[in-house]
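One structure below.
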Amino acid sequence: MTVLDPQVRAVLEDLARLALPPINAIPATEARQQYRDSRALLRPPAPSLPHVIDLRTSEDAGAVPLRVYRPADGMLPALVFFHGGGWVVGDLDTHDVVCRQIASQSGAIVIAVDYRLAPEHPFPAAIDDAWAATRWIAVHATELGVDASRLAVGGDSAGGDLATVVALMARDAGGPLLRYQVLIYPVTDLSVDQPSPNDGVGYGLTRDLMRWYAVQYAPAREHRLDWRASPLLAPSLQRLPPALVITAAVDPLRDEGDAYARRMEEAGVAVDSVCLGGMVHGFLTMGGRIDTANRTVSIVATALAQALGTRRT
């Protein structure tokens, strides 16, 4: 039996009353605005930080837009963060408060990456941007005030997928050196074959909607089976950085997140797995209404501070 957290149930009921069209029934530009509007309704107040700046990587790195959240002066470690949204929706603004919260509480810089979105820019555009941005940040760490020896990658949902793939690519390329992974209800298998107990239940994300996102991002089946889209299918997960894997109990992606965590553990990677009871996919950006979202940010901040050696505020 599915048990929803009472705060989650209230949010779902309020969203249902808005009678918003499904993401997969409207043009992508409208879907993006709808997602922005819904996140604005649900997010908590934005923590203030001394420095928040927008910039771009150099042209040779694709001129990828970035937003840098700095909690203090001096050389600090950094989390390179990739937002969720099924590679179709989401941007720097939809996850602005979450990035501010993580930076404020962890004592680490957070650098959010505004990668190109599908269907206009299908696979591998998003991972190309994520990889180019991560490498550019490492190369330009000194001018960014970042300690390049203390870099982490992370993200939620599709952003979690990008973080896993960047970690694999960094391992195979011999750098940049990554110290940690933060994977929040990550997508790891675009074959959409992992079972979950609530596959047919609509709590914001269903298996059918996930299949739609997958096809928008990677229209060709051979691309969906490429490990750069489906990291659970990577030949080896050895020699990856330690990871925090957070899943939601009432989420069709829960099992593939669990499966990825298990494979990393079997490969000798240190993994801390946390499953949040009563939570649904996407809850992290709902901290204005859901207390567990804010507690989850604290879990992330604590783990980052320990992994990267910062002082929490």
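Where a number appears in this text, it was derived from the coordinates with a stated rule and is not lab data. Keep in mind that what you see is a predicted model, and the values were worked out from it rather than measured. Note: ideal-geometry Cβ built from the backbone for every residue, glycine included; neighbour counts use all protein chains shown.
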For segment 100-158, just the Cα set please: Rg and Dmax, both in angstrom. 13.0, 36
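Within a Cβ distance under 12 Å of residue 127, other residues only, what is the Lys/Arg minus Asp/Glu net charge? It would help to have the intermediate numbers written out before the result.
Values: positive: 116, 228; negative: 128, 129, 161, 226.
Surrounding charge for residue 127 is -2.
What FRET efficiency comes out for residue 128 versus residue 220 if R0 is 22 angstrom and r is the Cβ-Cβ distance? Round to the nearest 0.05. Walk me through the intermediate numbers first.
Values: r = 16 Å, r/R0 = 0.73.
About 0.85, to the nearest 0.05.
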May I ask what percent, to the nearest 5, of DSSP beta bridges between residues of the chain are antiparallel? 25 percent
Ranked 82, 283, criterion: other C-beta atoms within 10 Å, fewest first: 283, 82
Assuming R0 = 22 Å, can you tell me the calculated FRET efficiency for the pair residue 233 and residue 26, based on Cβ-Cβ distance, to the nearest 0.05? 0.10
Over the C-alpha atoms of segment 6-308, what are the Rg and the largest Cα-to-Cα span, Dmax, in Å? 17.6, 51
Tell me, 75, 286, 210 in order of fewest to most beta-carbon neighbours within 10 Å? 75, 210, 286
If a helix is a whole DSSP H run, which ones in the chain reach 20 Å or further along their own axis (Cα) and hold a mean Kyte-Doolittle hydropathy of at least -1.0? 125-139, 158-173, 291-308
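Where does the charge balance sit around residue 293 when Lys and Arg score +1, Asp and Glu -1, over other residues with C-beta under 13 Å from its C-beta?
With Lys, Arg at +1 and Asp, Glu at -1, the net is +1.
With the Cα gyration tensor of segment 267-313 giving a ≥ b ≥ c as the square roots of its eigenvalues, does the rule (a/c under 1.5 for rounded; else a/b larger than b/c for prolate; else oblate) give rounded, prolate or oblate?
On the way: a/c = 3.31, a/b = 1.36, b/c = 2.44.
Oblate.
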Under 19 Å from a label point 7 Å along Cα→Cβ of residue 173: give me every residue in segment 241-259 with its amide N that close. 241-242
Read phi for every residue in segment 270-281 and hand back ³J(HN,Hα) as whole Hz from Karplus 6.51 cos²θ - 1.76 cosθ + 1.60, θ = phi - 60°, with x for Gly and Pro. 6, 10, 10, 9, 10, 10, 8, x, x, 8, 10, 4
Sum of side-chain charges, residue 173 neighbourhood, beta-carbon under 15 Å (Lys, Arg +1; Asp, Glu -1): +2
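Charges only on Cβ, +1 for Lys and Arg, -1 for Asp and Glu: so what's the dipole of segment 6-308 about the Cα centre, in debye to the nearest 20? Walk me through the numbers on the way to the answer.
Details: 26 positive and 34 negative charges, 77 e Å.
It works out to roughly 380 debye.
Relative to the Cα centre, what is the charge dipole magnitude of segment 1-142, using +1 at the beta carbon of each Lys and Arg, -1 at the beta carbon of each Asp and Glu, and rounding to the nearest 20 debye? Don't skip to the end; give the middle numbers.
Details: 12 positive and 16 negative charges, 57 e Å.
Taking the Cα centre of segment 1-142 as origin, the dipole is about 280 debye.
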Quick one: grab the alpha carbon gyration tensor of segment 196-313, order the square roots of its eigenvalues as a ≥ b ≥ c, and give me rounded if a/c is under 1.5, else prolate or oblate depending on whether a/b is larger than b/c. oblate
Note down the nm distance, to one decimal, between modelled labels 7 Å out along Cα→Cβ at residue 48 and at residue 92. 2.2 nm
Can you give me the long-range amide H partners of residue 76? Hydrogens built in the peptide plane at 1.01 Å from N, cutoff under 5 Å, separation of 5 or more residues or another chain. 146, 147
So how do 293-303, 10-20, 43-53, 156-166 stack up, highest first, on mean other-Cβ count within 10 Å? 156-166, 293-303, 43-53, 10-20
